[in-house]
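Since the structure comes first, as structure tokens, the remarks are kept for the end.
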Amino acid sequence: MSKEEVDAYLAALDEPKQSTLRELRRTIVGIIPDAEQCISYRLPAFRLRGKVIAGFAAFKSHLSYLPHSGSVLPELHDEVAEYETTQGSLHFPVDSPLPQALVKKLIDVRMSQAFRD
């Protein structure tokens, strides 16, 4: 499980999915540069201190941000209201990257949950 596997996942995607998820990946790396890039549940993910903090996936008609916790999206209800969500995913268009500020909030909430003392 490595960065190379994430590279391969992205390389197999058609445009604009590939470019949009590459941008999301850069955003996540910018926010948590020490995170290990890996594959979790057969999808790209970012692990920090043994906990999966974020991930993403491509589907036929949308892309998904995966917070790897069912309580992140409800905590950010107002911030994610314009997106379709499930308990464990936030869906966004294949040609429209998530705003960096939103990704930072998603990661901050997940990290606060994952690393509570």
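The values are calculated or read from the model by the stated rules, or taken from the named source; none is laboratory data. For clarity, every value in this text was computed on a predicted model and none was experimentally measured. Here the Cβ is made from the backbone with ideal geometry for all residues, glycine too, and neighbour counts use every protein chain on show.
Mind counting the residues in the stretch 64-94 that are aliphatic (A, V, I, L, M) and touching a residue at least 40 places away in the same chain (Cβ under 8 Å)?
Number of matching residues: 2.
Take the stretch 1-27 and flag every residue that is hydrophobic (A, V, I, L, M, F, W, C) and at pLDDT 95 or above.
Once the filter is applied, which keeps residues that are hydrophobic (A, V, I, L, M, F, W, C) and at pLDDT 95 or above, the stretch 1-27 yields 6, 8, 10, 11, 12, 13, 21, 24.
Taking the stated definitions as given, is residue 28 touching a strand residue (DSSP E or B) at 6+ places or on another chain (Cβ under 8 Å), crowded, with 19+ Cβ neighbours inside 10 Å and in a strand (DSSP E or B)?
So residue 28 fails the test.
What are the pairs with Cβ atoms under 7 angstrom where one residue, in the stretch 34-63, is more than 18 Å from residue 114 (Cβ to Cβ) and the other, located anywhere, is surrounded by 15 or more Cβ atoms within 10 Å (Cβ to Cβ) and basic (Lys, Arg)? Sequence gap at least six, or different chains.
Close Cβ pairs (under 7 Å, with a partner that is surrounded by 15 or more Cβ atoms within 10 Å (Cβ to Cβ) and basic (Lys, Arg)) amount to 58/17; 63/17.
Answer yes if at least one residue in the stretch 95-115 is in a loop (DSSP other than H, G, I, E, B), more than 23 Å from residue 13 (Cα to Cα) and without any contact (Cβ under 8 Å) to a residue 60 or more places away in the chain, and no otherwise.
Within the stretch 95-115, none of the residues are in a loop (DSSP other than H, G, I, E, B), more than 23 Å from residue 13 (Cα to Cα) and without any contact (Cβ under 8 Å) to a residue 60 or more places away in the chain.
Limited to the stretch 11-24, what total is found for residues that are crowded, with 19+ Cβ neighbours inside 10 Å and free of Cβ contacts under 8 Å to residues at least 60 places away in the same chain?
So the answer is 1.
Taking the stretch 46-61 as the search range and keeping residues that are farther than 17 Å from residue 9 by Cα and in contact with a helix residue (DSSP H, G or I) (Cβ under 7 Å, 6 or more places away or on another chain), which one is surrounded by the most Cβ atoms within 10 Å (Cβ to Cβ)?
53
Within the group 74, 33, 67, which residue is surrounded by 19 or more Cβ atoms within 10 Å (Cβ to Cβ) and not β-branched (Val, Ile, Thr)?
When all the criteria are applied, what remains is 67.
Take the residues in the stretch 1-32 that are of a type in the set (Asp, Glu) and under 16 Å from the mean Cα position of the chain (by Cα), then tell me which one is farthest from residue 96 (Cα to Cα).
Going through the qualifying residues, I end up with 5.
Scan the stretch 28-45 for residues that are under 22 Å from residue 13 (Cα atoms), modelled with pLDDT of 95 or more and out of contact with any Phe, Trp or Tyr (no Cβ under 9 Å at 6 or more places or on another chain) and report the count.
Here the count works out to 0.
Out of 75, 84, which single residue is charged (D, E, K, R), touching a strand residue (DSSP E or B) at 6+ places or on another chain (Cβ under 9 Å) and farther than 24 Å from residue 8 by Cβ?
Selected residue: 84, the only one of 75, 84 that is charged (D, E, K, R), touching a strand residue (DSSP E or B) at 6+ places or on another chain (Cβ under 9 Å) and farther than 24 Å from residue 8 by Cβ.
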